[in-house]
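These notes are about the structure you will find just below.
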Amino acid sequence: MKSHDVKVCIVTTLGKADHTKWLKKSHIAVDCVVGGGDIRSGMFSFIKKPNPRPMLLGLERLGCDSDAVLSVCTKVIDKEASEGAGIDIIVNPNPKDIIPLLSK
């Protein structure tokens, strides 16, 4: 993605320690991460997908509007959160298909 100048934000339900470990193993270069503990709704409660607020925070961190991004969804909660945030989606794509879609 980086070689095509595409910004990448991971929005995950994983907490910081877990998503940091996963990113190190996966070698995915990202511009930002929204983790499971990033949005609180109370002292001990977190807002997670399928609520669209994590996706909206990802847009804010990327500095993008919803019409300028594509959400790559692997789970139903990803799809629901993306749709709720007004983000176009692609579900379980073949990695080779992503770059042509992003260039449109």
Exercise for review: Quote the relative contact order of the stretch 1-48 in percent (integer), defining contacts as alpha-carbon pairs under 8 Å separated by 6+ residues.
Suggested key: 38
Review point. Under 15 Å Cα-Cα from residue 49, which aspartates and glutamates qualify once same-chain neighbours fewer than 8 residues away are excluded?
Key: 38, 78, 80, 83
Exercise for review: Consider just the alpha-carbon atoms of the stretch 1-53 and return their Rg together with their Dmax, both in angstrom.
Suggested key: 12.6, 41
Review point. If you stretched the chain out fully between residue 88 and residue 27, how much longer would it get, using 0.36 nm times the residue separation minus the C-alpha to C-alpha distance?
Key: 19.4 nm
Exercise for review: Only loop residues by DSSP count here, and only those with at most 10 other Cβ atoms within 10 Å; note down the chymotrypsin sites (Phe, Trp or Tyr not before Pro) in the stretch 15-101 that meet that.
Suggested key: 44
Review point. Among all the aspartates and glutamates, which ones have a C-alpha under 17 Å from residue 25's C-alpha, if same-chain residues fewer than 8 places away are not counted?
Key: none
Point to revise | Dipole moment magnitude, nearest 20 debye, the chain about Cα centre, only Lys, Arg, Asp, Glu C-beta charged | key: 480
Study note, to complete from the structure: Computed on Cα atoms, Rg of the stretch 36-95 relative to 2.2 N^0.38 Å comes out at 1.14
Review point. All other residues with a Cβ under 15 Å from the Cβ of residue 77 taken together, and with Lys, Arg as +1 and Asp, Glu as -1, what is their net charge?
Key: +2
Exercise for review: Among [x] 7.8; [y] 7.0; [z] 6.6, find the value of mean projected area of the Cα convex hull in nm² that was calculated from the structure presented, and write down its label.
Suggested key: [z]
**Study point:** Cα→Cβ-extended label distance, 7 Å offset, between residue 66 and residue 4, nm
**Key:** 2.4
Revision key, fill the gap. Rounded to the nearest 5, the percent of DSSP beta bridges in the chain running antiparallel is 10
Exercise for review: Would you calculate, for the chain, the mean residue ellipticity at 222 nm contributed by helices, counting each DSSP H stretch of 4 or more residues as -39,500 (n - 2.57) and dividing by all residues, to the nearest 500?
Suggested key: -10500 deg cm²/dmol
Exercise for review: Only Cα pairs under 8 Å and at least 6 apart count here; give the relative contact order of the chain as a rounded whole percent.
Suggested key: 22
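Coordinate-derived values only; no laboratory data. What you see is a predicted model, and the numbers here were worked out from it, not measured in a lab. Cβ coordinates were reconstructed from backbone atoms using ideal geometry, including for glycine residues, and neighbour counts include every protein chain displayed.
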